[in-house]
Amino acid sequence: MKSHALGSTYQRTARLCLGILFAGVAGTGIGCTHTHIETQTPEHQEVCPLPEQRAKPGTPAPPQPPSVAAPVLVLQNVRLIDGSGKAPRDGVDIRIDGDRISAIGQNLAGPGATTLDLQGRTVLPGLIDAHTHMLSEPAGSFPAQVTRGVQETQADRVLRGVVNARKTLMAGFTTVRNVGGSDADASLRDAIAAGYVPGPRMLVANHAIGMTGGHCDHTNSLSRELFDPPDFRQGIGDGPLQLRKAVRHQIKLGADVIKICATGGVLSQGDGVGAPQLTPEEMRAIVDEANRAGRKVAAHAHGNQGIREAVAAGVHSIEHGSILDKKAISMMKRNGTFLVPTVYVGSFVEQAAKAGKLSPDSAQKALEIAPKMRNSFQMAYKSGVKIAFGTDAGVFSHGDNAREFSTMVKLGMRPMDAIIAATRSAAELLGLADTGQIREQFVADIIAVDGDPLADISVLERPVLVIKSGVVYASPAPPQAGTGVLPSQPAAAAAPTTSVGAGGPQH
Ligand SMILES: [Zn+2]
C-alpha cells in the first residue's frame with residue numbers, strides 16, 4: 001500500500017551508509033560486479049572470487065557466516081510439495097550437501113550423513129515474499145507515525161530491520177524483495193549475507209522512485225522547514241533525465257531492483273489513491289535505465305490508468321493492482337507482467353481505518369480501495385495473470401507474512417496455486433533461477449509444517465523447520481549425527497537463539 005512508512009524514512013542521514021560500498025549484486029543471481037568493491041559478502045565471493053582481495057592487516061575477522069553449511073544432511077520421511085505445482089509425494093528423503101539440494105528420493109542417508117526424521121510432515125521450499133519493507137513497522141496511530149518520521153535516525157531504523165529480518169526468516173520466508181525504503185536496505189542485505197545477523201536473502205530497491213509530491217515523496221505533509229525537498233538521492237525526480245539519475249543513484253548504492261510509484265497510495269498524504277503519477281515517458285526512461293543495468297522494475301500502482309501506463313512502459317510487476325479491468329489484464333498477460341496482489345494488507349489497512357488508526361485522508365482511501373483490490377485479485381487470478389506472492393510487511397508486523405495465504409485462498413485461489421505464487425512464481429519474478437523449488441542442485445531453502453497446507457493453508461503461518469542455504473535455523477527435533485560431522489550451526493553472533501536440534505521451533 002505504500003513505499004515505506006509515512007515520513008519514517010526521509011533520509012537526512014543517507015551519507016551514513018556511504019562509508020561501506022558493496023557490490024549491489026551479491027547473491028542475487030543478477031551478475032557479478034567488481035567495480036568499487038571494498039567488501040564482498042561470502043555469497044558473492046563464492047560466485048565472483050577475488051583472490052587479490054585480502055583483509056587489511058589488523059582488521060578483525062568477521063563472525064563466521066551461517067552459509068558454512070552442513071556437509072550432508074538428509075531430511076527423511078517427508079511429504080514433499082516441491083513448489084513446481086506437482087502433486088505431493090509421500091515418504092520422500094531430501095539430501096542436502098552444503099547449501100544445495102543434492103538428491104531427492106528414497107533411502108538417501110549414507111554413512112556420515114546427519115539425518116532428521118520429519119515423520120511425514122509436509123516439506124516445502126522456503127517461502128518468498130516479493131513485497132516487504134524490512135526497516136518499517138506499524139506505529140499504531142497516525143500521530144505516532146509522524147512523530148517517528150521526525151525523530152528517528154537511520155540507525156534506529158536499521159536496528160529495527162535487524163529484528164524484523166530474524167522474525168521474517170523464522171516465519172519461513174527465506175527470500176524477500178524489499179521494495180522501497182532507503183539505501184540502508186542494502187546494508188541489511190549485506191549484513192545478512194555476511195552472517196552478521198540472521199535473516200532472509202534480500203533483494204533491495206533502496207529508495208522507491210517517484211515524482212515530487214507523489215506517493216514516494218515522504219516529505220508530503222511534513223514541515224518544509226524541517227525537510228529539504230527530496231531529490232534523486234531519495235528517489236524523487238521530475239522528467240526523464242532526473243528520473244534516470246535517480247535510477248542510476250539507487251543502483252550505485254546497491255539496488256538489485258527498481259521500485260517506482262506509478263500512482264498515488266493509501267498511506268501517503270494529499271494524493272489520490274488511484275491518480276496516475278509518473279508519466280508514460282518518465283516510466284519508459286526508468287525501465288530503459290534499469291534494464292540497461294540488468295535490473296527489473298516493480299511498479300506500485302492502484303489506479304487503472306497508472307497500471308496500464310506502467311505495463312505499457314515495460315515494468316515487470318504491478319504491486320497491489322487494485323483497479324484492474326479487462327484491458328489492463330489482457331495487457332499484463334500479453335507482456336508477461338506479474339501481479340503482486342498484497343490482499344492481506346488491504347484488509348489490514350481497512351481495519352486500521354475503521355479503528356481510527358489512520359489519518360482521515362488515508363482512512364478514506366483505505367476504505368475505498370480495499371474492496372476493489374480484492375475484486376481485482378479475483379479477476380486477475382481467474383484470467384490467468386501471473387501472480388507472485390507479496391505482502392507489504394512493514395505496514396503490518398513482520399513475521400505475519402504468511403497471513404497473505406489465507407486471504408488469497410478465501411478469495412478463491414487454490415491452495416496449491418497460492419504455494420506456487422510464493423515459491424516458483426516469486427523466484428521467477430525475482431530472477432532467481434535456482435531458488436523457490438525443491439529440486440536437485442537448487443539452493444537448500446526448505447521449510448516444514450505440521451498438517452496439510454492443501455487442506456488448511458493457515459498451517460504455513462507456523463513452520464516447524466526452517467533451513468536457508470543448507471543451514472538449519474529451526475527444527476522440530478534434534479538431527480541425528482551419522483558417523484560424520486554435525487551440520488554447522490549458525491554463528492552465535494548471527495543467530496543467538498537458533499540452533500540445530502534445540503528441541504523445537506524457536507519463533
Ligand atoms: Zn509497499
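The values are calculated or read from the model by the stated rules, or taken from the named source; none is laboratory data. Here the structure is a predicted model, which means the values were calculated and not measured. In this analysis, Cβ positions are derived from the backbone assuming ideal geometry, glycine residues included, and neighbour counts consider all displayed protein chains.
Residues in segment 256-296 that are among the hydrophobic types (A, V, I, L, M, F, W, C) and over 16 Å from ALA310 (Cα atoms) were compared, and the one that is surrounded by the most Cβ atoms within 10 Å (Cβ to Cβ) is VAL266. Being at positive phi and in contact with a Lys or Arg (Cβ under 8 Å, 6 or more places away or on another chain) is a property that GLY321 lacks. Scanning segment 289-348 for residues that are in contact (Cβ under 8 Å) with a residue 60 or more places away in the chain and of a type in the set (Asp, Glu) yields one hit, GLU319.
Looking at this structure, is ASN206 within 16 Å of the ligand (Cβ to nearest atom) and either of a type in the set (Phe, Trp, Tyr) or part of a helix (DSSP H, G or I) (or both)? No; evaluated as a whole, the condition is false for this residue.
Considering GLY112, GLY126, GLY105, which residue is out of contact with any Cys (no Cβ under 8 Å at 6 or more places or on another chain) and closer than 19 Å to ALA433 by Cβ?
Unique residue meeting the criteria: GLY126.
Answer with yes or no whether GLN441 is more than 16 Å from the ligand (Cβ to nearest atom), part of a loop (DSSP other than H, G, I, E, B) and polar (S, T, N, Q). The answer is yes for GLN441. Of the residues examined, SER383 is not one that is under 30 Å from ALA144 (Cβ atoms) and either of a type in the set (Gly, Ala, Ser) or at pLDDT below 90 (or both).
Looking at segment 383-405, which of the residues that are assigned to a loop (DSSP other than H, G, I, E, B) and over 18 Å from ASP417 (Cα atoms) is farthest from the ligand (Cβ to nearest atom)? Going through the qualifying residues, I end up with GLY399. The residue of segment 215-237 that is nearest to the chain's Cα centre (by Cα), among those that are of a type outside the set (S, T, N, Q) and surrounded by fewer than 16 Cβ atoms within 10 Å (Cβ to Cβ), is ASP231.
Selection of segment 260-295 for residues being in contact with a helix residue (DSSP H, G or I) (Cβ under 8 Å, 6 or more places away or on another chain), more than 21 Å from ALA370 (Cβ to Cβ) and either within 16 Å of the ligand (Cβ to nearest atom) or of a type outside the set (Asp, Glu) (or both) yields ILE260, LEU278, THR279, PRO280, MET283, ARG284, ALA285, ILE286, VAL287, ALA290, ALA293, ARG295.
For segment 301-342, name all the residues that are buried (at least 24 other Cβ atoms within 10 Å of the Cβ), of a type in the set (Ser, Thr, Tyr) and over 23 Å from LYS365 (Cβ atoms). If the condition is that a residue be buried (at least 24 other Cβ atoms within 10 Å of the Cβ), of a type in the set (Ser, Thr, Tyr) and over 23 Å from LYS365 (Cβ atoms), then THR337 is the only one that fits. Look at (1) modelled with pLDDT under 95; (2) under 16 Å from LYS167 (Cα atoms); (3) surrounded by 15 or more Cβ atoms within 10 Å (Cβ to Cβ) and you find that ALA474 fails only one, number (1). Contact map, segment 243-262: first residue at positive phi, second residue surrounded by 24 or more Cβ atoms within 10 Å (Cβ to Cβ) and part of a helix (DSSP H, G or I), Cβ cut-off under 7 Å, separation 6 or more or different chains; pairs are GLY254/ALA186. Could you please find all residues in segment 304-335 being farther than 19 Å from LYS259 by Cβ and small (Gly, Ala, Ser)? If the condition is that a residue be farther than 19 Å from LYS259 by Cβ and small (Gly, Ala, Ser), then ALA328, SER330 are the ones that fit.
Test GLY172 against the criterion of being touching a Lys or Arg at 6+ places or on another chain (Cβ under 9 Å) and surrounded by fewer than 16 Cβ atoms within 10 Å (Cβ to Cβ), and give yes or no.
When the stated conditions are applied, GLY172 does not pass them.
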